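What follows is one structure encoded as structure tokens, with my remarks underneath.
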């Protein structure tokens, strides 16, 4: 079978992009050909994929997305694609991998009334309806049970077209047998003191994932403990958040490292993952941190927050989140002994179905 995977942009440190590669790899391993259609590709191009770059012209992002969606259908027909899988919402898909939250819900619940009349909102609503409306034929691969209910509430999507997938985190995040040695060596390489508390923030999309909250919580922590640092991994616009750190007089303790290939070294070597998101469809990094032995502080806005709560591997703050409660949770977790967190992490990794998403997605696509 010849499969077409379509997404607007590929960059190497995006969660959606990693999921796409994982599913594509499984499909190729099972003897199928995968062609990826995108408008931009950053980083190395895997040799097991055929990659087709399609021009997406326009004066605005939403117009470029619309032009790309039109180009995909033409290119897929020319390439003899048997099944078209979209990783962004667009018309004409056989499957949609639903990593994004419901746009209709955002418009109705978070935006002023006039926003629904803007060209951007109208375009994105058209793209979403093409996937989720009752008369569409696209089958939907969901990775968040709460978001499934949101889509059904706004679109009355037939349940038989919706398939809930388990998480699909990478097994190389799990603590290795020589975890303590690797942790100690990496901390020494980074120049981190043995008694220094390292707070980790991971994710592209700093505003949505609550980096402002994280910096404020870190500033409150530094009032009590000067031997700590906040390490920020991910691609986004740094200046507004660097300015916030400067205003709070914690610039020396906040380190913006951009996207890195060795995220796992930071997961094994930090002391807590701080992920106070305002909105997050899933939050794969929560699970990655948990199996890496890190306690997690997050909000119930994250689709995977229930895993943190059920495994008792950190703190889940209910919305609306107060800054004081976040500050308190950070202090509480960092004052707790680390060994119980690691014991819970090993049990969680052994007992939970959190690795099989790519295989299950491939089974549905190839059935």
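Going by alpha carbons, how many degrees (0 to 90, nearest 10) lie between the helix axis of 15-29 and the longest principal axis of the chain? Around 60 degrees separate the two axes. Within the listed set 316, 285, 263, the residue fluctuating most in the Gaussian network model of the chain (springs between alpha-carbon atoms under 10 angstrom) is 263. Only beta bridges with both residues in the chain are counted; by DSSP, about 0 percent of them are antiparallel. When only alpha carbons are used to place a centre, region 283-361 and region 20-71 end up 32 Å from one another.
Set the Förster distance to 25 Å, then compute FRET efficiency between residue 82 and residue 135 from the Cβ-Cβ distance, nearest 0.05. With a Förster radius of 25 Å, E is 0.60.
Each listed q (0.23 Å⁻¹) maps to a log10 I(q)/I(0) for region 276-367 from the Debye sum over equal C-alpha point scatterers, namely -1.15. Between residue 347 and residue 145, the modelled label-to-label distance comes to 2.0 nm, taking each label 7 Å out from Cα in the direction of the beta carbon.
The long axis of helix 61-78 is offset from the longest Cα principal axis of the chain by roughly 50 degrees.
Above 31 angstrom, tally the Cα pairs of the chain and express them as a % of all pairs, no decimals. Result: 38 percent of Cα pairs exceed 31 Å. GNM on the chain, alpha-carbon springs under 10 angstrom: the most fluctuating residue among 160, 343, 196 is 160.
Summarising the label geometry, the points placed 7 Å from Cα in the beta-carbon direction at residue 111 and residue 243 lie 2.5 nm from one another. Largest GNM mean-square fluctuation among 201, 132, 103, using the chain with Cα springs under 10 Å: 103.
Shape of region 171-351 from its Cα gyration tensor (a ≥ b ≥ c, root eigenvalues): rounded if a/c is under 1.5, otherwise prolate when a/b > b/c, or oblate? Cα axes put region 171-351 in the rounded bin.
For the Cα atoms of the chain, what angle does the longest principal axis make with the long axis of helix 338-351, in degrees from 0 to 90, nearest 10? Compared with the principal axis, the helix lies near 30 degrees. The distance between label points at residue 255 and residue 161 comes to 4.8 nm (points 7 Å beyond Cα on the Cα→Cβ vector). Per the Kirkwood formula applied to alpha carbons, region 80-172 shows a radius of gyration over Rh ratio, Rg over Rh, of 1.00.
Legend: calculated FRET efficiency, residue 226 to residue 328, from the Cβ-Cβ distance at R0 = 22 Å, rounded to 0.05, equals 0.70.
Peptide packing: for 17-29, 45-57, 74-86, 344-356, the average count of neighbouring Cβ atoms within 10 Å per residue gives the ranking 17-29, 74-86, 344-356, 45-57, highest mean first.
Rule-based calculations on the coordinates, nothing more; no lab input. Every value quoted in this text rests on a predicted model; they were computed, and no experiment measured them. Note that we place each Cβ from the backbone using ideal geometry, even for glycine, and neighbour counts take in every protein chain shown.
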